[in-house]
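Peer 1: Following this message is one structure expressed as structure tokens.
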Amino acid sequence: MKTIIVFGSSNNSGNTASVCERVAQGTDIGIINLNNYNIQPFNYDITQQNDDCLNLFEKLLGYDLILFATPVYWYAPSGQMKVFIDRFSDLLHLHKPLGRQLRTKSAAVIATGADDIPQTCFEDMFKNTFNYLGMKYLGLLYVSFGKDDQPETSQRNKIAHFKTMLAIDESN
């Protein structure tokens, strides 16, 4: 299954980036950093069409599995990730043929935070969005950087389980 990580965080070298690198390690999974793209917020006047969003959507449609990676900020994804997800509205209204292609895609979430587990509202936003888009939701990898006494072992085990669950091949 051809897989890509869409990384959205204010910190390009923080905890979420580290987890993404570990998920991609030993695979052919690439990482798209939303900070490297000009993505304007959605608006109903459709004035945001001269940014990088459509090209990015077209690129993502070449993958079977899209992993959305974000830290948890105030029970929600990062601002970069939220703006990007809001732009899926373009695929529902302006670029419907592209939007329909999402129905053949699977998605999962990679998240980091300080809490032991994220609040259900965090994952529910993704589940509901993917369901609305017709994408198959495969689950959440959440890595806490809070009070874990053995973060290295815990992270390694969680990442290994996530890769097994998604059948991510490490043969490369």
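The values are calculated or read from the model by the stated rules, or taken from the named source; none is laboratory data. Given the structure is predicted, the values throughout are model-derived calculations rather than measurements. Surface areas here come from the heavy atoms of the whole protein model, side chains and all, with no ligands, DNA or RNA. Shrake-Rupley method; radii C 1.70, N 1.55, O 1.52, S 1.80 Å.
Peer 1: Please compute the per residue accessible area over the chain with all protein chains in place, 1.4 Å probe, rounded to a whole number of Å².
Peer 2: Roughly 52 Å² per residue, with all protein chains present.
Peer 1: Please list, ordered by chain and number, the residues whose modelled amide H lies under 5 Å from the amide H of residue 6; skip anything fewer than 5 residues away on the same chain.
Peer 2: Here the answer is 32, 67, 68, 69, since their amide H atoms fall under 5 Å of that of residue 6.
Peer 1: What angle do you read, to the nearest 10 degrees and between 0 and 90, between the alpha-carbon axis of helix 15-24 and the longest principal axis of the chain?
Peer 2: Once rounded, one gets 90 degrees.
Peer 1: Using each residue's phi in segment 105-115, evaluate 6.51 cos²θ - 1.76 cosθ + 1.60 at θ = phi - 60° and report the 3J(HN,Hα) Karplus result to the nearest Hz, with x for Gly and Pro.
Peer 2: 9, 10, 9, 8, 10, 10, 9, 10, x, 8, 6
Peer 1: Using the eigenvalues of the Cα gyration tensor, what equivalent ellipsoid semi-axes result for segment 1-141 when each is taken as the square root of five times the eigenvalue, whole Å, largest first?
Peer 2: Over the Cα atoms of segment 1-141, the ellipsoid semi-axes are 22, 17, 16 Å.
Peer 1: Summing -39500 (n - 2.57) over the DSSP H runs of n ≥ 4 in the chain and dividing by its residue number, what mean residue ellipticity at 222 nm do you reach, to the nearest 500 deg cm²/dmol?
Peer 2: So the calculated ellipticity at 222 nm is -11500 deg cm²/dmol.
Peer 1: Calculate how steeply helix 120-133 sits against the longest principal axis of the alpha-carbon atoms of the chain, using the helix alpha-carbon long axis, and give the answer as 0 to 90 degrees to the nearest 10.
Peer 2: On a 0 to 90 degree scale, this one is about 40.
Peer 1: Once you have the alpha carbon radius of gyration of segment 37-76, what is it after dividing by 2.2 N^0.38 Å, with N set to its residue count?
Peer 2: With N residues counted in segment 37-76, Rg over 2.2 N^0.38 Å equals 1.45.
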